[in-house]
Amino acid sequence: MLPRSFSILPPAVLILGLALTAAELQAQGDGPEIGEQAPKFTLGDTYGKQHALEDYEGQWVVLEWLNYECPYVGKHYNSGNMQRLQESFAEKGVKWLAIVSSAPGKQGYHEPQEMNRLSAEKGSKALAVLLDPDGVVGKMYGAKTTPQMILIDPAGTLLYNGAIDDKPSSRPSSLEGAHNYLVAALEEAMSGKPVSTPTSKPYGCSVKYKN
């Protein structure tokens, strides 16, 4: 019997190689442990501004792994779900940073000007889109899929790492009734409660690393 979190992907997705394979999961590693300090990094955004994780010390931070060409990402952006989350989190003082770890020449990579055009077209409400073409930060955090979500508390502690929700599907209809792990984690943590689901198996397209 398949675990509840597992779904059989449509043949077209398998043929295109968009789904993350077991070998890719193993190769990319698991990243830092929940409860540890989030790894520090500095990345430039699509406007040339540098962002260091240390810049946001004392604030809640969300990291979102992004690839606009991924249909699983498309589910959240084309429906407006991701933008609503970005906006509502910002109202709570959360700093939302989208990270593109796609390598040049691979799916999801765009030069800054084109990435800005796409972000405007999608109506992204992220604070910034950070470029990680060498994949250093993605691998540091064990980012395996787009989307994949990270929650970091004001003390710099990693509180959540995994899927955005419990519906591993690219169909927009799957948003109905989905349990959003990221929202739950933030609400619990901001209320002083432990995060009930600190990790989950990420789903989506594999991050298109350089190697």
per DSSP, antiparallel bridges as share of beta bridges in the chain, % nearest 5, sits at 65
By average Cβ neighbour count within 10 Å, what is the ranking of 40-50, 166-176, 145-155 from highest down? 145-155, 166-176, 40-50
In nm, what is the difference between 0.36 nm times the number of residues separating HIS179 and GLU121 and their Cα-Cα distance? 18.2 nm
Once label points are set 7 Å from the Cα along Cα→Cβ at both ILE34 and ALA155, what is their separation, rounded to one decimal in nm? 1.6
With unit charges on the beta carbon (Lys/Arg positive, Asp/Glu negative), name the residue among TYR181, VAL137, CYS205 whose Cα is farthest towards the positive pole of the charge dipole of the stretch 114-211. CYS205
Take the stretch 91-136, drop everything but the C-alpha atoms, weight them equally and run the Debye formula without solvent; then report log10 I(q)/I(0) at 0.17 Å⁻¹ to two decimals. -0.51
Counting every C-alpha pair in the chain, the percent lying more than 30 Å apart is 14
On a 18 Å Cα-Cα criterion, which of the cross-link pairs LYS92/LYS144; LYS92/LYS167; LYS139/LYS210; LYS144/LYS193; LYS75/LYS139 come out too long? LYS92/LYS144; LYS92/LYS167; LYS144/LYS193; LYS75/LYS139
Run the quick spin-label model on ARG84 and LYS106: label points 7 Å from Cα toward the beta carbon, then report their separation in nm to one decimal. 3.2
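Bear in mind these aren't lab numbers, they're just calculated from the coordinates by the rules spelled out. Everything numeric in this text was worked out from a predicted model, so none of it was measured. Methodologically, a virtual Cβ is constructed for each residue, glycine included, from the backbone with ideal geometry; neighbour enumeration extends over all protein chains shown.
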